[in-house]
Amino acid sequence: MAALAPLRSLEEEVTCSICLDYLRDPVTIDCGHVFCRSCTTDIRPASGGRPVCPLCKKPFKKENIRPVWQLASLVENIERLKVDKGRQPGEAAREQQDTRLCERHQEKLHYYCEDDGKLLCVMCRESREHRHHSAVLVEKAAQPHRKKLQDQRQCIVAEFEQGHQFLREREQRLLDQLAKLERELTEGREKYKTRGVGELARLALVISELEGKAQQPAAELMQDTSDFLNRYPRKKFWIGKPIARVVKKRTGEFSDRLLSLQRGLREFQGKLLRDLEYKTVSVTLDPQSASGYLQLSEDWKCVTYSGLYQSAYLHPQQFDCEPGVLGSKGFTWGKVYWEVEVEREGWSEDEEEGDEEEEGEEEEEEEEAGYGDGYDDWETDEDEESLGDEEEEEEAEEEEEVLESCMVGVARDSVKRKGDLSLRPEDGVWALRLSSAGIWANTSPEAELFPALRPRRVGIALDYEGGTVTFTNAESQELLYTFTATFTRRLLPFLWLKWPGTRLLLRP
């Protein structure tokens, strides 16, 4: 406490006797007394026409006011000394408490200045700087913001409740339709069974009567031959269908609805992930990491593949054998999202639809051909040999097609870049591989994916703390695949391209 006495004495020396606050921009008047410059402007002239000193009542001329620079520096040092004295070394809790106190007066911050947007203590509020400002209690100032947050919370709850209610209604509707189909199937099966049993009983009775007739003597049997055909007319055995055509059609339609539901929910998931949880970031490529097989655009957002190695100098961080490149910006926290567009020559919706129609026609023709007697489909040894050769050629073509592909995803900053690489999650790479043949996750072994639409723009959502990398079709919002891992190093955007006629573009 004795150490604080000199500090208090100094504070009294540098306190303005008008505003009772530290001297701000101190100036001296004719009599030698010192005040804040702003305080001297408020001193009104006396009856004689000149302003007088508030302390000694001597008149002074405002044009004779002079600044006292040394005293201003002393005030700053005293303020700094007071703050430092108030802190106790080694106490983090005290440091946190200081952040809640006024740096100038070491008082609690009870007020909020609406003009300057600052928190004030009692002394700050009464100071000349804020005296004429609108200052309210912190709790009162926070009430509108709390109310706004509560309104937003209620809106979010209401929106999700509407969504839940909509899904519950659609779920119940689909379950009711499914139950109706089950009842129709059960009723059809029971009718089919009842009629079949009756038909079998009728035939058994006819067979029994015919067997009895066959045992009669010839004379007795020939007595009623004229009425024989009328009593036992030729009648085909009833062959019904256990599932009505209408029910079968409805069952197929229900399956289509289920597929549509699954696709819609995946798209809904992907959109929520992107819009609500992740921050969209703009990423560029690092030219020093780019393989010599790759060519980058001037803005470092587009990459193409060249069959010739064109790099004369190998950077330490450059891929040499693998045609890979990393992003220039890495991530060690947060949830971020960006997209990679795959531009491929010949990829058009019309061609895809045409291919699907041709495949459907081929399948129908194959199905129709399969209803024959089967003898024409028997294969000779020569045919088997020729088919084996064709299969080997197809496998070779598939292998060549697999080599022409691209990969998009993320990689650790420490990923290996020299020599032949496996590029798997255990090596620090989490990515999807796309080619004309399909799309795969680079797990070990690779997991083939079957999206509803071929993704031309892949969305990549990285949740660093959550340990997930999620891939979506950025156009349809369909969820493609999610990797789960524990990240401990910086992660970078990763592209790999060995596909002539293809460009990869980073979006946005």
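Miscellaneous remarks
- The stretch 468-491 residues that are in contact (Cβ under 8 Å) with a residue 60 or more places away in the chain and under 26 Å from SER414 (Cα atoms), paired with ones that are acidic (Asp, Glu) and surrounded by fewer than 19 Cβ atoms within 10 Å (Cβ to Cβ) (beta carbon under 6 Å, 6 or more apart): ARG489/ASP413; ARG490/ASP413
- Filter pass, GLU184 being open to solvent by 80 Å² or more (accessible area, probe 1.4 Å) and either acidic (Asp, Glu) or touching a helix residue (DSSP H, G or I) at 6+ places or on another chain (Cβ under 8 Å) (or both): no
- Condition met for TYR192 (in contact with a Gly (Cβ under 9 Å, 6 or more places away or on another chain) and either open to solvent by less than 80 Å² (accessible area, probe 1.4 Å) or among the aromatic types (Phe, Trp, Tyr) (or both)): yes
- The stretch 261-295: number of residues that are assigned to a helix (DSSP H, G or I), farther than 24 Å from TRP333 by Cβ, open to solvent by 60 Å² or more (accessible area, probe 1.4 Å) and free of Cβ contacts under 8 Å to residues at least 60 places away in the same chain: 3
- Test for GLN165: is it open to solvent by less than 90 Å² (accessible area, probe 1.4 Å) and either of a type in the set (Asp, Glu) or free of Cβ contacts under 8 Å to residues at least 24 places away in the same chain (or both): yes
- The residues of the stretch 171-189 that are within 13 Å of PHE254 (Cα to Cα) and in contact (Cβ under 8 Å) with a residue 12 or more places away in the chain, listed by number, are LEU174, GLN177, LEU178, LEU181.
- Any strands (runs of 3 or more DSSP E) falling wholly within the stretch 401-466 and containing at least 1 residues that are closer than 23 Å to TYR293 by Cβ and of a type in the set (A, V, I, L, M): 405-412, 429-435, 438-441, 457-463
- If the condition is being modelled with pLDDT of 95 or more and either loosely packed, with under 12 Cβ neighbours inside 10 Å or among the aliphatic types (A, V, I, L, M) (or both), then the stretch 441-459 contributes ALA441, ALA447, GLU448, LEU449, VAL458.
- Among the residues making up the stretch 122-140, those that are basic (Lys, Arg) and closer than 14 Å to LEU109 by Cβ are ARG125, LYS140.
- Test: residue in the stretch 15-31 that is under 19 Å from SER73 (Cβ atoms), open to solvent by 80 Å² or more (accessible area, probe 1.4 Å) and under 60 Å from the mean Cα position of the chain (by Cα): no
- Residue check: TRP333 meets all listed conditions (1) at pLDDT below 85; (2) closer than 24 Å to LEU492 by Cα; (3) open to solvent by 90 Å² or more (accessible area, probe 1.4 Å) but one, namely (1).
The values are calculated or read from the model by the stated rules, or taken from the named source; none is laboratory data. Just so you know, these numbers come straight off a predicted model, no measurement behind them. Counting neighbours? That spans all protein chains shown, and the Cβs are built from the backbone with ideal geometry, glycine included. For accessibility, only protein heavy atoms count, side chains too; no ligands or nucleic acids. Shrake-Rupley method; radii C 1.70, N 1.55, O 1.52, S 1.80 Å.
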